[in-house]
Structure formats: C-alpha cells, structure tokens
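Data block below; observations after.
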Amino acid sequence: MKGFFQGSATALITPFHETGVNYEALGQLIEHQIAGGTDAIVFLGTTGEPSTMSFEEEHILMEYAVKKVNGRAKVIFGCGSNNTADAVMTAQKAEYYGADGLLAVTPYYNKCTQNGLVAYYKAICEAVSIPVIAYNVPGRTGVEIQPATMAKIAQIPNIAGIKDAGGNMSKTMETIRLVRDKCDVYSGEDALNFPILAVGGAGVISVLSNIVPDKVKELCTLVKDCKLAEAAALNDKLLPLANACFVEVNPIPVKEAMNLIGFNAGVPRAPLTKIEDANREKLVTAMRNFGLEVKA
C-alpha cells in the first residue's frame with residue numbers, strides 16, 4: 001500500500017525519571033512536534049528505548065500517546081522483536097489502543113534468513129488491519145532486508161513501506177526501484193534524508209527532528225515542491241547538527257540535546273549512559289553553530 005504518510009515523522013525519545021516514564025515531559029515533547037508541523041510521531045522506536053521498558057510500561061505509553069496526540073498527527077508505535085510472537089502481541093496492543101500504524105524492526109540477534117524476514121512481516125501484518133512499516137537497520141540488528149526481499153514483503157497488503165537506515169544509497173535506490181508502485185520508502189538515517197527524498201523517498205523518520213521538527217519538515221516540503229537548490233542549502237545547514245546527534249549511540253546525544261534546549265529529557269536507561277563530556281562539547285558546538293539557544 002502507498003500513501004500512509006508523506007513528509008516528516010519523528011522517532012521520539014522517551015523521557016524517564018526514577019520511577020518510570022515522565023509523562024509531563026513526554027506531553028511537552030509531543031506538543032513541540034505538533035507545533036513544528038510533524039506529520040507522524042513514532043513512539044517506542046529505537047530512539048524511544050523500548051528494549052529497556054516492560055510490556056506494561058509500553059502499553060500505558062501507547063494509551064497516553066494516542067489520547068495526547070488526539071488526531072493532530074499520525075501515531076506510529078514500534079512493535080518489532082526477535083520473538084515473532086512478542087511482535088505480534090505488541091502490534092495487536094498498539095492497534096487496540098488506536099495506533100494509526102506500526103514500525104516493525106527486523107528481528108535482532110537471531111540472524112534469520114531472508115525467507116524468515118518475509119514470514120516475520122507476514123505474521124505481523126496478518127495479525128492487524130493497520131499499516132505496517134518495515135524497519136531496516138542492520139547496524140543494530142545484524143540482519144538486512146535486501147532489495148529483492150523488500151519487493152516480496154511489499155506484496156503483503158498492509159505493508160506501507162520501509163524505513164531504510166542501511167546507509168547504502170545503492171541498495172536504497174534499488175529498493176525504491178523495486179517497490180515504487182507497491183509501497184513507500186522512508187529515510188531512516190538523517191545524514192541521507194536529502195538524497196533519499198530526492199530519488200523518490202516519500203518522507204523521513206528522523207532522530208534530528210526531535211530537536212528541529214520544523215526544519216526537517218521544511219526539507220521534506222522543499223524536495224516535494226522540486227525546490228532542490230533550496231533543499232540542498234537547508235540540508236547543508238542541517239547536516240552538521242544531524243551528525244552531532246550520532247557522536248555516541250542513539251539516543252544518548254539527542255536526549256542531551258533536548259535537555260540543552262530546555263526540555264526535561266532525562267538520561268537514557270541502562271545499559272546506555274549519560275553522554276561523555278568531550279562528545280557533549282561537540283554536540284553543544286554543533287547546536288550553537290546551527291543557531292540554537294543552548295542552556296549549557
């Protein structure tokens with residue numbers, strides 16, 4: 001299926017305090033996204049740290065997020081797992097709470113075959129009636145959705161697209177070529193947002209847009225309107241900030257960035273740790289160079 005959403009989606013951080021999710025802070029983050037024109041908000045994706053959360057915490061967050069967003073943007077929940085049964089259960093819970101769609105990362109650690117990937121996405125899709133976006137991020141999961149495999153996955157009726165964070169433009173372009181008429185391709189790597197949009201990507205699922213949702217949305221709009229020179233100029237400005245968001249493993253830097261601009265993002269849950277001082281300085285420099293007011 002095509003057209004589930006176009007434009008910018010934010011892979012939202014999850015703010016924690018000592019006893020669980022900080023819902024006051026989460027509500028403020030959601031409002032920041034709505035004000036910035038974000039088209040969709042992804043909760044419980046990699047950036048949201050679901051691997052450190054209990055099923056109960058996830059389900060409470062799902063219910064809260066749908067009510068808080070209240071139709072002002074599409075709500076997408078992460079549901080992937082290395083246990084297909086858990087992925088199916090989470091997908092069904094997300095649909096129950098009112099999700100508009102799902103983001104399902106490839107199974108991790110198991111290193112399933114390409115046929116296993118097709119079976120995994122088929123199981124999730126058959127368990128729900130809402131759109132599902134496959135998520136290719138081999139640097140984290142150890143398994144990659146090959147373009148020919150995505151062409152098979154795209155035949156599943158409620159597959160809406162693929163979030164591609166593989167970092168290989170050649171493979172991304174081949175995937176777009178093979179699925180162009182079947183489903184959408186979304187950039188999952190901020191450093192490649194501009195080129196992926198320019199070769200036919202329908203949108204982005206961005207970490208950077210936690211910080212500057214309006215600018216990431218503007219980039220998508222400029223490319224859609226074929227204003228490529230303006231898009232290139234904006235991308236030149238965004239790229240150093242995007243790179244600074246990955247000076248340590250995501251979401252360590254972006255959580256610190258949100259703290260620096262006045263949100264109570266807290267710190268990542270263990271085993272992730274607070275950003276190291278040298279990397280924090282790199283982040284602060286990139287943010288100031290971009291023109292952000294930093295409370296360092």
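For the range 225-244, the criterion of a residue being closer than 18 Å to Thr10 by Cα and of a type in the set (Lys, Arg) is satisfied by no position. Entry remark, the range 154-180: residues being assigned to a loop (DSSP other than H, G, I, E, B) and free of Cβ contacts under 8 Å to residues at least 24 places away in the same chain number 2 in total. Exactly one residue out of Val267, Val247 is touching a Lys or Arg at 6+ places or on another chain (Cβ under 8 Å), of a type in the set (A, V, I, L, M) and modelled with pLDDT under 95, and it is Val267.
Out of curiosity, is Ile145 under 24 Å from Gln92 (Cβ atoms), out of contact with any Cys (no Cβ under 7 Å at 6 or more places or on another chain) and not in a strand (DSSP E or B)? Considered against the rule, which asks whether it is under 24 Å from Gln92 (Cβ atoms), out of contact with any Cys (no Cβ under 7 Å at 6 or more places or on another chain) and not in a strand (DSSP E or B), Ile145 comes out as yes. Residues in the range 69-108 that are polar (S, T, N, Q), closer than 17 Å to Ala119 by Cα and outside any helix (DSSP H, G or I): Ser81, Asn82, Asn83, Thr106. Look at the range 275-296: where a residue is at negative phi and at pLDDT below 95 and a partner is of a type in the set (Gly, Ala, Ser) and surrounded by fewer than 14 Cβ atoms within 10 Å (Cβ to Cβ), sitting 6+ places away or on another chain with Cβ atoms under 7 Å, you get Lys295/Gly262.
Scoring Ala123 on the criteria (1) closer than 23 Å to Leu272 by Cα; (2) part of a helix (DSSP H, G or I) leaves a single failure, condition (1). The condition of being farther than 21 Å from Ala154 by Cβ and more than 16 Å from the chain's Cα centre (by Cα) holds for only one of Val128, Val69, that being Val69. Yes or no: the range 195-214 includes at least one residue that is surrounded by fewer than 24 Cβ atoms within 10 Å (Cβ to Cβ) and more than 20 Å from the chain's Cα centre (by Cα). No, that holds for no residue. There is at least one residue in the range 181-202 that is of a type in the set (Phe, Trp, Tyr), in contact (Cβ under 8 Å) with a residue 12 or more places away in the chain and not in a helix (DSSP H, G or I).
Being hydroxyl-bearing (Ser, Thr, Tyr) and either crowded, with 24+ Cβ neighbours inside 10 Å or under 23 Å from Gly48 (Cα atoms) (or both) is a description that applies to Thr172.
The values are calculated or read from the model by the stated rules, or taken from the named source; none is laboratory data. All values derive from a computational prediction rather than experimental measurement. A quick note on method: Cβ atoms are made from the backbone with ideal geometry, for glycine too, and the neighbour counts reach across all protein chains shown.
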